[in-house]
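What follows is a single structure, written as structure tokens, with notes after it.
The values are calculated or read from the model by the stated rules, or taken from the named source; none is laboratory data. Just so you know, these numbers come straight off a predicted model, no measurement behind them. Cβ atoms come from the backbone with ideal geometry, glycine included; neighbour counts cover every protein chain shown.
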Amino acid sequence: MIIKPKVRGFVCITSHPEGCFAHVQEWIDHVKSRGPINGGPKRVLVIGSSTGYGLASRITAAFGSGAATIGAFFERPSEEGRPATPGWYNTIGFTQAARAAGLYARNFNGDAFSDDIKRQALDAIRADLGQVDLVVYSLASPRRTHPKTGAVHKSVLKPVGQSYTNKTVDTDKGVVSSVTIEPANEQEVADTTVVMGGEDWEMWMQALSDAKLLAPGAQSVAYSYIGPEVTWAIYKNGTIGLAKNDLERAAKHIDSLLKLNGGGRAFISVNKALVTQASSAIPVVPLYIAILYKIMKAAGTHEGCIEQIQRLFATQMYNGHTPKFDEAGRVRIDDWEMRPEIQSAVRQIWPGVTTENLATETDIAGYRTEFLKLFGFGVAGINYEAETEPHRPML
Ligand code: NAD
């Protein structure tokens with residue numbers, strides 16, 4: 001089958017196996033090029049390990065400090081004549097490379113919110129690794145079936161309290177327009193916190209602790225975003241931001257649990273805004289990202305997921321470093337994004353962006369390139385005219 005991108009709004013419904021493998025290899029090469037991470041993790045569980053920041057965490061752990069990794073993720077498998085979602089191929093690519101390097105890698109595709117996937121992952125840790133010394137929590141999900149009640153909760157990306165009007169871009173069509181988003185109701189606010197808040201992270205950590213599967217001094221990190229004022233109504237002060245506040249609450253609770261376990265710690269790392277499947281679904285944010293990329297590339301400070309997480313591990317968590325926390329106890333690996341000169345440049349460009357000048361005022365081309373790469377398209381060295389087999393077994 002010859003596989004081409006089929007973009008529908010903010011998703012691409014196809015993905016390319018060899019392209020995904022090559023994209024993963026680029027990330028592995030980056031981590032290797034930065035050299036070993038001394039004192040880095042050795043036995044790691046990554047929840048949400050197949051794409052974005054979670055995949056970058058798994059690759060950094062494996063190829064930065066030789067970690068054995070267990071990954072949990074939720075991807076649509078490939079079928080005869082039908083490609084999988086890209087995280088499926090990313091995981092196969094990662095697992096092949098890890099095992100070729102002599103590293104243990106085991107995968108669980110299923111709902112990480114469920115008791116069943118937790119049990120399977122815990123059984124694998126007990127049987128194969130004994131304990132873990134790092135747990136990365138990097139889920140981005142539109143819904144959660146609560147394991148205790150069976151209720152299905154859906155997350156929404158809406159402002160809270162009042163409607164919000166701002167510019168947005170249709171990244172596929174290149175059209176800039178004004179969008180008004182009505183505020184979430186109370187139920188939507190509560191549901192978004194059930195999905196994207198900290199309860200599930202706490203459940204994972206409590207289960208690991210109860211089963212004595214956390215090595216003394218084990219750490220755990222989850223990811224969040226804050227960003228500039230132009231996005232606050234939809235992000236920081238919106239439904240997702242309130243859910244992230246709950247994630248911060250959970251971080252403090254888990255931190256106290258881990259402190260008692262041989263002086264470990266749990267914390268939130270606030271990461272940079274980047275093109276991922278999760279972020280492309282948020283209104284307004286893709287336009288901000290397209291402007292941000294242009295400015296940060298010009299300043300020589302642009303990073304992708306892998307550069308962000310390699311820097312997090314190498315300069316905050318390991319290599320003889322301890323995390324430098326902000327006033328709220330968070331690590332700020334979004335520091336380069338939030339530099340005053342970068343943000344003032346964004347503020348200057350934002351009001352004047354139109355459909356007509358989108359290509360010159362923003363890095364929409366870079367946005368699209370990155371977006372397609374998430375699905376394995378536009379990766380150097382891949383012949384997209386060649387036949388490929390979409391149906392690949394999970395390793
Ligand atoms: P992503 O969509 O690339 O990755 C999400 C991961 O979660 C995938 O591995 C997916 O398979 C997995 N997943 C989703 N639902 C699942 C389920 N029910 N069970 C098991 N696995 C499931 O997203 P991302 O952008 O890398 O986001 C990861 C975290 O980073 C989120 O907490 C997000 O808020 C945060 N973050 C993202 C950005 C950004 O700009 N993308 C910035 C800062 C922080």
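Of these, I125, I181, which one is touching a Phe, Trp or Tyr at 6+ places or on another chain (Cβ under 8 Å), in contact (Cβ under 8 Å) with a residue 40 or more places away in the chain and away from the ligand (no atom under 16 Å from the Cβ)?
Result: I181 is the single residue among I125, I181 that is touching a Phe, Trp or Tyr at 6+ places or on another chain (Cβ under 8 Å), in contact (Cβ under 8 Å) with a residue 40 or more places away in the chain and away from the ligand (no atom under 16 Å from the Cβ).
Given (1) touching a strand residue (DSSP E or B) at 6+ places or on another chain (Cβ under 8 Å); (2) under 28 Å from L55 (Cβ atoms); (3) among the hydrophobic types (A, V, I, L, M, F, W, C); (4) surrounded by fewer than 19 Cβ atoms within 10 Å (Cβ to Cβ), identify the lone condition not met by V179.
That leaves (2) as the condition not met.
Residues of the stretch 230-247 being near the ligand (Cβ under 10 Å from one of its atoms) and either of a type in the set (A, V, I, L, M) or assigned to a strand (DSSP E or B) (or both), which ones?
Answer for the stretch 230-247, where residues must be near the ligand (Cβ under 10 Å from one of its atoms) and either of a type in the set (A, V, I, L, M) or assigned to a strand (DSSP E or B) (or both): I240, A243, L247.
Which is out of contact with any His (no Cβ under 6 Å at 6 or more places or on another chain) and within 27 Å of N185 (Cα to Cα), of I234, I254?
I234
Of all residues in the stretch 126-141, which are surrounded by fewer than 21 Cβ atoms within 10 Å (Cβ to Cβ) and either small (G, A, S) or assigned to a helix (DSSP H, G or I) (or both)?
Across the stretch 126-141, the qualifying residues are R126, A127, D128, G130, A140, S141.
Scan the stretch 235-250 and tell me whether some residue there is at pLDDT below 95 and polar (S, T, N, Q).
The answer is no, given that none of the residues of the stretch 235-250 is at pLDDT below 95 and polar (S, T, N, Q).
Checking the conditions here, which among A273, A298, A250, A222 is within 13 Å of the ligand (Cβ to nearest atom), farther than 22 Å from S178 by Cα and not in a strand (DSSP E or B)?
Testing whether each residue is within 13 Å of the ligand (Cβ to nearest atom), farther than 22 Å from S178 by Cα and not in a strand (DSSP E or B) leaves just A250.
Going through the stretch 349-395 one residue at a time, which ones are assigned to a loop (DSSP other than H, G, I, E, B), of a type outside the set (V, I, T) and in contact with a Lys or Arg (Cβ under 9 Å, 6 or more places away or on another chain)?
Answer for the stretch 349-395, where residues must be assigned to a loop (DSSP other than H, G, I, E, B), of a type outside the set (V, I, T) and in contact with a Lys or Arg (Cβ under 9 Å, 6 or more places away or on another chain): D363, F377, G378, Y384, P390, H391, L395.
Could you pull out the residue among G87, G93, G54, G64 that is in contact with an Asp or Glu (Cβ under 8 Å, 6 or more places away or on another chain) and assigned to a helix (DSSP H, G or I)?
Result of the check over G87, G93, G54, G64: G87.
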